[in-house]
Every structure is written in C-alpha cells, then in structure tokens.
Amino acid sequence: MSEGSDIIYAVVLAGGQGTRLWPRSRQARPKQFADIAGHGRTMLQETVDRLQPLIPQDRVIVVTGERYAPLVREQLPQLPAENVLVEPSGRNTAPAIGLALIHLARRDPEAVMAILPADHLIADAEGFRRTLQTAAGVAAQGYLVTLGIEPDSPHTGYGYIQRADPLPTADGAAAYVVQRFLEKPDRHTALRFLREGGYYWNGGIFVCQLATMRAEIERQLPALDAVLQEIAAALGTEQEAEVLARAWPQAPRVSIDYGVMEHAPRVAVVPMDVGWNDVGDWGALHQVLPADSNGNIVVSGDHLAVGSRDTVVYGAGDRLIVTIGVENLIVVDTGDVLLICPHDRAQDVKAVVEQLQRQRREEYL
C-alpha cells in the first residue's frame, strides 16, 4: 500500500430536489439545505459535521448545481472555494462522481474517496466514522465498497445488497464480498430477506480508491469516460469553464449504482448499524425523532394536542397548530402551504408536486 492511500476524501452529492418532503423541500431550497429534523443544523451541515475529525473540511468536496452553489457556500463557510464543484446540469450520480474524481486525482491520485448523499440522517456519528475507516481499508484491497444498512423491517422502498464470503479487515469489523444487488422488492420478498439474513439496505454510500472507480467507469461507461478525459485535460487552464460547459451535455444520465456498482467484478459491503435514515418522506421522522407519551412529534412550531396520537407536526413561525382527536396524521405548515395527510400516504406527496408542475404553479414548487 502506498503512503498516500490511507487518506480519505469525502464527495458529498448535494444536487437533488427531495420532492417527497414538499412543501418544506422546494426547488429553491431542497431538503439537504433545510433543518428537516429540527436539530438546528441543515442536513448538508450535519453530513459534513459527522465526518469530523476523520475527514476535515479541506478534504470535503461538495458537488451541486449552479442554483445551489451559493447555498453550499453560505452553509459551509469553512469549505475552501475550490471544494465546491458545480455541475452545469444534473445528469445523475455517475457523472457527478466522475467530476469529483478527476478533480481529486489532480490533488492525490492514490487517495480513497467516500461518496455520500447530503440528505441522510445518522444518529451514531462516531460509529459511522469507524465504518468509513473499515471501508477505506477494504477499498485499499481494490474493492468498490458499499455501506450496507442492517435492515430492521421488511422495507420495500430500498434496494438490497446480498452478501457472500467474508473479507479480512484491519480492525476486525465485518466485511463481505457482494453477491448481488437487488431491486426494491415486494413485501413478501423483503420478509424473506429479513428471515434469511445476509441482506442489507443499499443506502447509496460508497468508498473506493480513485483509480479503482476510474477504471470501472472507463470499462463500463466509455461515453462518460470520454467526457471526463476531455474535462480533465482542461482543468487548471483558462479553457476549463468553456470545456466543462461544452462537454458536460454529452455525459450519459446514469446512476453510479446501475452504471458501475451492479456490474463491477470486485464489490464489497461493510455493514453498519448507526441509526441511518434517508428521510425519504415525512413519515420517516417517526423513526428518527423522539415522540411524546402519545406518539406525537413536533419538529418545529407550536402544537397543542387534544386527544391526538401519532401525529407529526412541522410548523412555520409562531402560528399555533391545534389537533383534536386525530391519529396518524402528518401536518406541515410552511406559511404559504398547509399539507395534511395520513402517514401511509406520505409517499404521495411526490404526486402533488407532479400535479403542481403540470399546472405550472411555480410559486409552490
């Protein structure tokens, strides 16, 4: 192992729109730039906070869109300006990761990178850092590593990872060769995964050596590799911005999961049980935030409950929200929008956003 290969950089993907957390998550300020959990820090800030001191901010790269770059700089003022990479347009995760990769390769070609979405909650930050260190050691063996979340329910909203043979690790923590990635299952299949064991949720967190990922992009996504080569050749020159703008639209729209991870020959999984949640919809807050004796959760605002149970309230400002005799509701008040829905319909918020888009009601998007 070379001297620089144990240095870990973080690549934080912060370009998504988080439509399932509408109306708090909007096009102008998606969920990663909001304090969704009421912790006093935005999801992006918490993502970077939990990396410290393992990965200091000068080794954190944030990839985002032009619209959101000012928000990144505002919320992470200690981040060096050159560590904010701006995509000319969103083209899914493989191009975003490729852009970060070619920038990092100029700094430290032997480094390991941890690829992290900016909009996840993790309760055990110290445990997460230990998992990243374990994964970095496995990545040094030439594996593309995915962090597998220990499932605690037969969730049908996540893809799954099936493990195979165990791998040695320097700290004795568990790691396995990946047998296969599986699409989101139906409930019957998810129950079987839980019963059999050896399956993990795919949370979209990856750790790898730069060279290993670059080789797989070259092998599996030659069109993307050609774009990255063109951009890399112009980095640090006066033509950098011009070449990026010209070449970027040629990058294929493809996720790193489908484009690289699912078909790579050497993929490993490091399990983690750190209180992970991707907060995919408002109902997820019931799993990550403390409730009162009646199961009610007040994320923000002022709530008066009379005979109400298992209700999530997200208020705006000082407006009092009163619930009487209701159960299993989600109430989100943002001042210009009031959302009320039962827990089991939380995923349908995305359909509301789609309808508003069709009606061109931009003021609510």
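Here are the numbers for the structure shown:
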read-out: From Ala94, Ala28, Ala10, Ala34, residue being in contact with a Gly (Cβ under 8 Å, 6 or more places away or on another chain) and aliphatic (A, V, I, L, M); value: Ala94
read-out: Enumeration of residues in region 147-169 that are touching a residue at least 24 places away in the same chain (Cβ under 8 Å), of a type outside the set (Ser, Thr, Tyr) and assigned to a loop (DSSP other than H, G, I, E, B); value: Glu150, Pro151, Pro154, His155, Gly157, Gly159, Leu167
read-out: Qualifying residue in region 42-63 (condition: surrounded by fewer than 17 Cβ atoms within 10 Å (Cβ to Cβ) and farther than 23 Å from Ile122 by Cα); value: no
read-out: Top-ranked residue of region 226-248 - restricted to ones that are touching a helix residue (DSSP H, G or I) at 6+ places or on another chain (Cβ under 9 Å) and in contact (Cβ under 8 Å) with a residue 60 or more places away in the chain, ranked as surrounded by the fewest Cβ atoms within 10 Å (Cβ to Cβ); value: Gly236
read-out: Pairs where the first residue, in region 117-136, is in the same structural domain as Leu210 (by TED's automatic domain parsing) and the second is hydroxyl-bearing (Ser, Thr, Tyr), C-beta under 8 Å, 6+ apart; value: Pro117/Thr47; Ala118/Thr47; Asp119/Thr47; His120/Thr47; Thr134/Thr169
read-out: Subset tally (residues that are surrounded by 16 or more Cβ atoms within 10 Å (Cβ to Cβ) and within 13 Å of Gly283 (Cβ to Cβ)) for region 329-344; value: 7
read-out: Any hit, region 304-325, residues being surrounded by 15 or more Cβ atoms within 10 Å (Cβ to Cβ), in contact with a Pro (Cβ under 9 Å, 6 or more places away or on another chain) and part of a strand (DSSP E or B); value: no
read-out: Residue ranges of strands (runs of 3 or more DSSP E) in region 185-303 with at least 2 members over 20 Å from the mean Cα position of the chain (by Cα); value: 297-300
read-out: Asp152, sole failed condition from (1) touching a Pro at 6+ places or on another chain (Cβ under 9 Å); (2) surrounded by fewer than 23 Cβ atoms within 10 Å (Cβ to Cβ); (3) acidic (Asp, Glu); value: (1)
read-out: Glu82 being buried (at least 21 other Cβ atoms within 10 Å of the Cβ), out of contact with any strand residue (DSSP E or B) (no Cβ under 6 Å at 6 or more places or on another chain), in the same structural domain as Val260 (by TED's automatic domain parsing) and among the charged types (D, E, K, R); value: no
read-out: All positions within region 334-356 that are farther than 12 Å from Leu21 by Cα and in a strand (DSSP E or B); value: Leu338, Ile340, Cys341, Pro342
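The values are calculated or read from the model by the stated rules, or taken from the named source; none is laboratory data. None of these values were measured; they are calculated from a predicted model. FYI the Cβ positions are ideal-geometry reconstructions off the backbone, even for glycines, and counts take in every protein chain you see.
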